Amino acid sequence: MTENPVHRSYDELFVGGCWRKPATAERLTVVSPHSEEPIGHVPLAGPDDVDAAVAAARQAFDHGPWPRWDPQERMDKIEELAAIYALHLDEMSALITAEMGSPRRFSRLGQTAGAASLMHLTLAAARDFPWAERRRGVLGEVHVRRAPVGVVGAIVPWNVPQFLIMPKLIPALIAGCTVVVKPAPETPLDALWLAEMIEQIGLPEGVVSMLPGGPDAGEALVRHPGVDKIAFTGSSATGRRIAALCGEQLKRVSLELGGKSAAIILDDADVDKTVAGLKTAGLMNNGQACVAQTRILVSERRHDDVVDALAEMMSALRVGDPADEATDIGPLVARRQQHRVQDYIRCGTTEGARIVLGGQDSPAERGWYVRPTLFIDATNDMRIAREEIFGPVLTVLTYRDEDDAVRIANDSDYGLAGSVWTADAAHGLDVAARVRAGTYGINMYSLDTSAPFGGFKQSGIGREFGPEGLEEYVELQTVLCKGEMPPLSS
Ligand code: NAD
């Protein structure tokens, strides 16, 4: 590994807690989305590396000692990891910015502070978690135990890489599982740095592997009969495939997938405050956020006010080097993603929507930048309103009345997040209850990393964060006893 925090390279993979030579000589080069220059390289993990990691994880799970430790002993190890992680938050967020273009101000908070808080909040949830409990059953006292689910394969995308690894790795480890993580090929450097920190806490052999790789490695992990559960975050298309493969083996699976969230602006909303809130809620992380509020629903009465205010806010956004503290919008993760978003912008105009601001041309000669773009005159059947664009693009849709607004919000294959903007918070809560989305905001949109997070409909299956996030990594075991049940050991 090299020393510059934003220029790191690795020659080995982290397999079962040790650095090992990869099975093949294939390498991944990480390219800065701003400069288009290489910033590091790592070995590309393939199916043979997955085999080695799963064999190590299987051995560590089936023969212990990790799953047999008391939860408190495992929590002590996670406390150690959290303490090491806390020493490197700023460098880690700088590295993620260099890898995938997240603006510095967002990366500090949304990438690494969020990841660190997930460690602490999962520990807090684990302290109160009913690892073993007694219930009165029909045949006498029943012992209900929450056993680790087994070997976990965790597959994550590049947009908030550490923030997505943590809600899988940490609850899985605390529950007593062994874990093979497959980070995305765009963001392998932060993952292998995390592996270095994990090495420092000295877990038993086999408990954690970190294998940066592409779809081949991911699919090898999903198909592997030695894996008991897959925890996946990524697109709904990949999620559907993973769910089908897991279904064949009746493998446990949890899925955090895409979104196309609607912000309903009611007529009594304060337009300036709403638009200030949508700056983050709609455009965080350069719009590369599954929960981004990208369909802006407004009545005919307030349409022009809202559009003017949105255009003013978006034209003031500073687009540029994500490492610059003043930057609002950095480059997209890859040229592929830049072209994809520009294609959507082109498609919006072809379908008949009108661009108020922005457009499909690139704002910079170098770097994978896209202009912040605002569409009006759009309808909810257009692709720009139905499909996840994953870039700094907002689409305004007009509703007739509140029922129509709720109907449009729900007229989506997705159900990840949403928000309502109103002077009447109590009424906002009523609107929240009518929208089929896993998380909802009233005059804001943000995640609470201690509360259940996940999607309705094609946005996923299962929940992360808090006690519900721990539940995803346990199997319930019910024990009855003829005669008196032995006392519960503390
Ligand atoms: P993606 O589905 O293409 O890839 C995600 C991960 O899956 C990567 O590690 C990739 O290498 C791996 N992968 C790809 N094909 C695979 C296969 N056949 N088998 C196993 N693994 C495979 O997603 P992406 O485009 O990189 O990421 C963006 C998507 O992630 C968006 O749809 C976004 O909404 C979603 N996302 C969801 C959440 C959430 O919590 N709901 C959070 C962040 C991102």
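Within the span defined as the stretch 427-444, every residue fails to be closer than 25 Å to residue 100 by Cα, within 16 Å of the ligand (Cβ to nearest atom) and at pLDDT 95 or above. For the stretch 254-279, the candidate set comprises residues that are farther than 16 Å from residue 375 by Cα and free of Cβ contacts under 8 Å to residues at least 60 places away in the same chain; within that set, the residue that is nearest to the ligand (Cβ to nearest atom) is 276. What's the number of the condition residue 448 fails, among (1) more than 26 Å from residue 241 (Cβ to Cβ); (2) touching a helix residue (DSSP H, G or I) at 6+ places or on another chain (Cβ under 6 Å)? With (1) more than 26 Å from residue 241 (Cβ to Cβ); (2) touching a helix residue (DSSP H, G or I) at 6+ places or on another chain (Cβ under 6 Å) applied to residue 448, the lone miss is (2). Go through the residues of the stretch 431-442 one by one and say whether even a single one is in contact (Cβ under 8 Å) with a residue 60 or more places away in the chain, over 20 Å from the mean Cα position of the chain (by Cα) and open to solvent by less than 60 Å² (accessible area, probe 1.4 Å). The answer is yes, given that some residue of the stretch 431-442 is in contact (Cβ under 8 Å) with a residue 60 or more places away in the chain, over 20 Å from the mean Cα position of the chain (by Cα) and open to solvent by less than 60 Å² (accessible area, probe 1.4 Å).
Yes/no matrix, rows are residues, columns are (1) modelled with pLDDT of 95 or more; (2) buried (at least 24 other Cβ atoms within 10 Å of the Cβ); (3) over 25 Å from residue 440 (Cβ atoms):
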position	(1), (2), (3)
224	yes, no, yes
232	yes, yes, no
247	yes, no, yes
251	yes, no, yes
256	yes, yes, no
260	yes, yes, no
268	yes, no, no
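Scanning the stretch 391-435 for residues that are basic (Lys, Arg) and within 19 Å of residue 259 (Cα to Cα) turns up 407, 434. What residue, among those in the stretch 233-253 that are in contact with an Asp or Glu (Cβ under 7 Å, 6 or more places away or on another chain) and part of a strand (DSSP E or B), is farthest from the ligand (Cβ to nearest atom)? Looking at residues that are in contact with an Asp or Glu (Cβ under 7 Å, 6 or more places away or on another chain) and part of a strand (DSSP E or B), I get 252. Checking each residue in the stretch 32-42 for being open to solvent by less than 40 Å² (accessible area, probe 1.4 Å) and either among the β-branched types (Val, Ile, Thr) or in contact with a strand residue (DSSP E or B) (Cβ under 9 Å, 6 or more places away or on another chain) (or both) picks out 32, 39, 40, 42.
Of everything in the stretch 338-357, what is in contact with a helix residue (DSSP H, G or I) (Cβ under 7 Å, 6 or more places away or on another chain), of a type outside the set (A, V, I, L, M) and closer than 11 Å to residue 393 by Cα? Give them in sequence order.
344, 348
Take residue 237 and decide whether it is out of contact with any strand residue (DSSP E or B) (no Cβ under 7 Å at 6 or more places or on another chain), farther than 13 Å from residue 164 by Cβ and crowded, with 18+ Cβ neighbours inside 10 Å. Against the criterion (out of contact with any strand residue (DSSP E or B) (no Cβ under 7 Å at 6 or more places or on another chain), farther than 13 Å from residue 164 by Cβ and crowded, with 18+ Cβ neighbours inside 10 Å), residue 237 does not qualify. Can you go through 56, 45 and tell me which one is of a type in the set (A, V, I, L, M, F, W, C), more than 16 Å from residue 172 (Cβ to Cβ) and either free of Cβ contacts under 8 Å to residues at least 24 places away in the same chain or open to solvent by less than 50 Å² (accessible area, probe 1.4 Å) (or both)? One residue alone meets the criteria, 45. Per this entry, residue 210 is counted among residues that are more than 16 Å from the chain's Cα centre (by Cα), within 15 Å of the ligand (Cβ to nearest atom), within 21 Å of residue 92 (Cβ to Cβ) and not aromatic (Phe, Trp, Tyr).
For residue 204, the test of being away from the ligand (no atom under 16 Å from the Cβ) and surrounded by fewer than 23 Cβ atoms within 10 Å (Cβ to Cβ) is passed.
Only a single criterion out of (1) under 28 Å from residue 280 (Cα atoms); (2) touching a strand residue (DSSP E or B) at 6+ places or on another chain (Cβ under 8 Å); (3) open to solvent by 50 Å² or more (accessible area, probe 1.4 Å) is not satisfied by residue 475, namely (1).
The values are calculated or read from the model by the stated rules, or taken from the named source; none is laboratory data. Since the structure is predicted, the reported quantities are computational estimates derived from the model, not experimental observations. A quick note on method: Cβ atoms are made from the backbone with ideal geometry, for glycine too, and the neighbour counts reach across all protein chains shown. All accessible areas refer to the heavy atoms of the entire protein, side chains included, with ligands and DNA or RNA removed. Shrake-Rupley method; radii C 1.70, N 1.55, O 1.52, S 1.80 Å.
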